[in-house]
Amino acid sequence: MILSSSEIIRRLQGSGMEGDLVIEPYSEECQQPASYDLRVGGDFILPPQVCTLVNTLERVELPPDLAATLRCRSSFGRRGVIVTGGFVDPGFRGQLTLCIINMGTEHLTIRKFERVVQMILHQVIDGQSGYCGRYQDSTGIIQAR
C-alpha cells in the first residue's frame, strides 16, 4: 500500500513515540498527493553523460513498517535527467545520496532547495527489522564502497 498525503502527515506528526516517520526539514510545498518531493542539499553542475552524486537536503527516518521508492520528478525527466537512488529500506536514517545523470549535451545546474526526486512511501507488512548498513546516519554525499 502506498501512503497518501494525509497518512504521511499523520505519521510525521506522530505522538512523539519511537518509530514515527521523520522528514526534516519538512515543507508543505513538497507534499504531494501520494509522495513527498525531496530537495537537493546544495548547488551542483551536472556535466553531460556523467553520474553526479548529490545529497538530499532532508534527513529521513523510516520506521520498521515503512520503505520508500525514489523516482525522478517528471520535470527533470523532461530535461533529459535520470535519477537513480532506487529503494530505501525500513529503518534507514540519514540524508540520501542520489546519482543524477544528465543525458543531454549541455551542462545543467541544479540549485539547493530544488525538488528533484519523489519519495513514495510503502507500508511493509510485519516489518520488524530495519536497515543497519554502512549508510545509516549518513550526512552529505556518501561515495560508493
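Judged by the mean number of other Cβ atoms found within 10 Å, the most tightly packed of the peptides 22-30, 66-74 leads the ranking 66-74, 22-30.
From Cα pairs below 8 angstrom and at least 6 apart in sequence, can you work out the relative contact order of the stretch 75-145, rounded to a whole percent? Relative contact order here is 44 percent. Of P47, I8, Y26, which is farthest along the charge dipole of the stretch 5-123 in the positive direction, counting Lys and Arg as +1 and Asp and Glu as -1 at C-beta? Comparing the listed Cα positions along the dipole, P47 ranks first. A dipole drawn for the stretch 61-141 from +1 and -1 charges on Cβ atoms has a positive end, and of T105, L62, V124 the residue lying farthest that way is T105. Comparing Cα centroids, the stretch 25-46 and the stretch 84-105 end up 13 angstrom apart. If you place +1 on the Cβ of every Lys and Arg and -1 on the Cβ of every Asp and Glu, how big does the dipole about the Cα centre of the chain come out, in debye to the nearest 20? Its charge dipole is roughly 500 debye. Based on C-alpha pairs under 8 angstrom that are at least 6 apart in sequence, the chain has a relative contact order of 31 percent. Stretching T139 away from S75 to a fully extended chain increases their span by 20.4 nm, per 0.36 nm per residue minus the current alpha-carbon distance.
No lab work stands behind these numbers, since they all come straight from the coordinates. Owing to the predicted nature of the structure, the values given are computational and were not obtained by experimental measurement. Neighbour counts are summed over all protein chains in view; Cβ atoms, including those assigned to glycine, are modelled from backbone coordinates with ideal geometry.
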